[in-house]
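Have a look at the structure below, then the notes.
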Amino acid sequence: MQIAVASGKGGVGKTTIAASLALSLAGEHAVCFLDCDVEAPNGHLYLNPVFDRQTPAVIKIPQIQAERCSSCGKCVEVCQFHALAKVGRSILVFAQLCHGCGSCTWNCPEGAISEIPNPIGSLEAGQTKEGIHFAQGVLTISEPMPTPVIRQLKRWSQASEDAVTILDAPPGASCSVVETLRGSDYALLVTEPTPFGLHDLKQALGIAREMDIPAGVVINRDGVRDSRMDWFLSQNKLPIMMRIPFSKTLAAGIAAGKPLIEIWPEYQPRFRNMFRQIAESIAKGKPC
């Protein structure tokens, strides 16, 4: 079972929820935690894994063999990402624009293009003391494309088929969020009852519905009340899976790197109950 924890907006407590869900289930299920926020992974701050595996995340980029190239420009024509340019009789490659799709290689009439690996980040994995299998992707600073790292992380993580896999998605509603949600059985959308929270929740919900993934909502900082949030959820028949109140005690504990269920142990059974509701929803095939 794959549960993606997402939010249209950063800073609403998405990783807090994902980490506490993983910790709450660790004693009852095999749990795999994938930190797919590869531009700023921070799940390890709550789960404290011991990393024992690492490998580069790479994409294959074209290398022009000048002695065979006729400078016909076909590769430039087929590259929809403008990673190739013809200057005089030379073909220039702009590695940071390349998506590694291979179109130029396939369409070169002279067979003058080979592909070489271009590292864009790293993949890391290990175990937590609770037995959670933890893996994260780290995008190299200045690299523009997180999506290939996320895609490789999901393949490389070696999560067992019977494990509950929790994917901590990047914030926002970009391609990297779509890639994280791809193949998930359920989307747990974390929000806050503010105008910005509602606006960005609508974007995240739009992605989930477009991908036909059932969804439920966790409202964090509940009590900073905006009645429009409850009205929207009611109108769209979105289940509220949990409410977490606004609390300075909770904020201080999280800032110190403590998981929510360590600060408030009474929430552990609530997370387990939420997981049971998610499992029942998946089994019944309820739409979001």
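Observations on the model:
- Residue identified as in the same structural domain as L21 (by TED's automatic domain parsing) and either in contact with a Pro (Cβ under 6 Å, 6 or more places away or on another chain) or under 15 Å from A18 (Cα atoms) (or both) among R228, R243, R221: R243
- Just one residue in the set G88, G10 is of a type in the set (G, A, S), in the same structural domain as S160 (by TED's automatic domain parsing) and loosely packed, with under 14 Cβ neighbours inside 10 Å; that residue is G10.
- Meets criteria (of a type in the set (G, A, S), in contact with a strand residue (DSSP E or B) (Cβ under 7 Å, 6 or more places away or on another chain) and at pLDDT below 95) for S90: no
- Qualifying positions in region 265-282 - of a type in the set (F, W, Y) and farther than 16 Å from V31 by Cα: Y267
- Test for S114: is it in the same structural domain as E179 (by TED's automatic domain parsing), over 16 Å from V31 (Cβ atoms), small (G, A, S) and surrounded by fewer than 18 Cβ atoms within 10 Å (Cβ to Cβ): no
- Residue within region 109-132 that is touching a Leu at 6+ places or on another chain (Cβ under 7 Å) and more than 30 Å from Q203 (Cβ to Cβ) present: yes
- Residue in region 63-83 that is surrounded by 13 or more Cβ atoms within 10 Å (Cβ to Cβ), touching a Phe, Trp or Tyr at 6+ places or on another chain (Cβ under 8 Å) and within 29 Å of A163 (Cβ to Cβ) present: no
- Consider region 200-231 and keep the residues that are in contact with a helix residue (DSSP H, G or I) (Cβ under 7 Å, 6 or more places away or on another chain) and among the charged types (D, E, K, R). The one that is nearest to S281 (Cα to Cα) is R228.
- Filter result for R272 (in the same structural domain as L188 (by TED's automatic domain parsing), charged (D, E, K, R), touching a helix residue (DSSP H, G or I) at 6+ places or on another chain (Cβ under 6 Å) and under 20 Å from I166 (Cβ atoms)): yes
- M145 meets all of the listed conditions (1) assigned by TED's automatic domain parsing to the domain that holds P259; (2) closer than 26 Å to P259 by Cα but one, namely (2).
The values are calculated or read from the model by the stated rules, or taken from the named source; none is laboratory data. Please read these numbers as outputs of a predicted model, since none were measured by experiment. Cβ sites come from the backbone with ideal geometry, for glycine too, and all protein chains shown count toward neighbours.
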